[in-house]
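First comes the structure, then the notes that go with it.
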Amino acid sequence: MDIQLGYEVINSYKRLSYKAWYALAEFVDNSTQAYADHKNILDPIYERNNEKLTVNIEVDDDEEGEYIYISDNSIGMSKEVLEHAIIIGRPPSDTSGRSKYGLGMKTAACWLGDYWTIKTKRLGETVEHSIVVDVPAIASGNPDLNYSVTEGKDADEHYTEIVIRKLHRNLLARRTAGKIKDFLTSMYRIDIDNDELALIWQYEELKWDRKVRIDSRLIKRVDGTLEKEEFSFTVGNKSVKGWAGVFEKGSRNDAGFSVIQANRVIVGWPASFRPTTIYGDQEGGSNDLVNQRLVGELYMDGFDVSHTKDEILYENEELDELESKLLEHCSRLRKLALSYRKYEADEREPTIDDCAAAINELDRELRSTQVNDFIATYEIPSLKLIKESNDTVMQAVMKRVEPTIKVEIGSVRVLLYVVEDMSPFEPYVIVESTKSKTLVVIIVNKAHPHWKHLTGSESILNFLRHCAYDGVAEWKAYFMSGRIDPDTIKLIKDNLLRIPFEMRQN
């Protein structure tokens, strides 16, 4: 008795766990692998015609609706090669390259759309082969691919064209289209940088220049060499080769390792591999200096990959062993990434121009007639009235809103409320730090005009940090010295503001 698969299984391919960029990469893999297999034949032709391997991917629409068009000028397929290519699950004779399981083109095309055609012309032949794949018809039991041949083609022509219709996915959604561009650029960085591939997405040729993207950004030693180290080791009986370096001025988006097989990125920028032994727990998206600066590439050709070619399939304890050995080889660079900020600016530190612009703006404000008039005419309410007003607001907030942050610091409980529905005329912050030895309450008013000037998470973080540390410093000063002394409060807050920097060094 033999296991048999019904034709309807093809319908399930649309539910595979592809990302759009990995689905499209299946077609690029086929084109680049065909080129690699026939490089000695194609290179002289490309050189003679001032060309190189070109893969074009575009999404457009016509009277039949939206479609995906994929073409290349690789070797093309003969009838025999095309027949082999459309058999699901039949791997190529050589699985050491980019084509591994005999699934990619078929599963990716079905994931993208229900109706697709292939036209291909093999170099040296005079016929063009065409097939039409109607996925719902095949699932219903009709496997006919409507094969046809066009005679009289020029023997020097060589190409493959694929058109996918009745699409399941919107590839031109702004976020998706941008990710497709970034991921495809990263995946084929080696081919692009070696000038062996022109990869075109939506009429734009994708570019990757290693010197610009990586080498020019690495820390330079005194002798001019780069802070970049190569390594080689085994995990089990499998070889791992690669390099690691430290960006002088990095970014979390650019750091991390890229994992590469057959010179094609499996996992990498803009969603890099971050071993916990080096980068720490990523659950909270750590943004310490290691996560900003340490970058590298791992060449792992002997490892299995998922059928969607978007992750390494580790066996037994391979991942733990890999992470442990990477820490051994990268420990010095990791320490450098953490310590270099002591002497040089990182991406969060304002530039000289930023400081100058801020000082100029503050100078303008301080000299303004508005500030002058306020200082001259503002009548300060009585302390009793201020306290009563603040207490009223605080009690109302605490009754209707849960604390945004609730934390125990030693013997004191700190409640931080970040409140949206306050009045813009109420204080930017209300702090109660002297009524209880065990409680500090800080209420931040998001409706205050100042909040509107905050830009980005770092700006908001620093504003909230100052509000919170004001409250904690007042509480510490009052209950340790028995009074609110401005110099004491500033001294305590000064030390609190140093803690985030020290945390990033650990």
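From helices alone, the chain scores -11500 deg cm²/dmol at 222 nm; the rule is -39500 (n - 2.57) for each run of n ≥ 4 DSSP H residues, then divide by the residue total. Residues of the chain were split at every exposed loop site, defined as trypsin sites (Lys or Arg not before Pro) in a DSSP loop with at most 11 other C-beta atoms within 10 angstrom, and the longest piece left, sites excluded, is 1-220.
Pairs to check: LYS79/LYS100; LYS106/LYS309; LYS14/LYS79; LYS79/LYS309. Give those whose C-alpha atoms are more than 18 Å from each other in this structure. LYS79/LYS100; LYS14/LYS79; LYS79/LYS309, as the Cα separations exceed 18 Å there. Rounded to the nearest 20, the size of the Cβ-charge dipole of the chain about its Cα centre is 2100 debye, with Lys and Arg at +1 and Asp and Glu at -1. For the chain, find the longest principal axis of its Cα atoms and tell me its angle to the long axis of helix 174-187, 0 to 90°, nearest 10. Relative to the chain, helix 174-187 is tipped by roughly 70 degrees. Taken about its Cα centre, the range 213-342 carries a charge dipole of roughly 860 debye when the Cβ of each Lys and Arg holds +1 and the Cβ of each Asp and Glu holds -1. Couplings 3J(HN,Hα) for the range 402-407, derived from phi with the Karplus relation 6.51 cos²θ - 1.76 cosθ + 1.60 (θ = phi - 60°), are 7, x, 6, 10, 10, 9 Hz, where x marks Gly and Pro.
What list do you get for THR351, THR160 if you sort them by fewest beta carbons within 10 Å?
Going from sparsest to densest Cβ surroundings: THR351, THR160.
Since only CYS355, LEU333, GLY410 are under comparison, the one whose Cα sits farthest along the positive direction of the charge dipole of the range 305-419, derived from C-beta charges on Lys, Arg, Asp and Glu, is GLY410.
From the alpha carbon centroid of the range 382-428 to that of the range 151-205 is 55 Å.
Sequence-distant contacts, meaning Cα pairs under 8 Å at least 6 residues apart, place the relative contact order of the chain at 10 percent. Helix 20-37 and the longest principal axis of the Cα set of the chain meet at an angle near 40°. Each residue of the range 273-278 is assigned a 3J(HN,Hα), and the resulting list reads 7, 10, x, 5, 5, 9 Hz, derived from the Karplus form 6.51 cos²θ - 1.76 cosθ + 1.60 (θ = phi - 60°), x at Gly and Pro. Subtracting the Cα-Cα distance of GLU420 and SER481 from their residue separation scaled by 0.36 nm leaves 18.5 nm. Just to confirm the number: angle between the C-alpha axis of helix 383-400 and the first principal axis of the chain, 0 to 90 degrees, nearest 10? On a 0 to 90 degree scale, this one is about 40.
Spatial offset of the range 443-457 relative to the range 296-335 amounts to 43 Å, using the alpha carbon center of each.
Applying 1/(1 + (r/R0)^6) with R0 = 35 Å to the Cβ-Cβ distance of TYR203 and SER331 gives a FRET efficiency near 0.15.
Computed over the Cα atoms of the chain, pair by distinct pair, the Kirkwood hydrodynamic radius stands at 28.0 angstrom. With Rh defined as the Kirkwood radius, the inverse of the mean 1/r over Cα pairs, the Rg/Rh of the range 76-231 is 1.08.
Read-outs: derived from the displayed coordinates by stated rules, not from any lab. Source: prediction; values computed, not measured. Don't worry about glycine lacking a Cβ; one is built from the backbone with ideal geometry, like all the others, and counts go over all protein chains shown.
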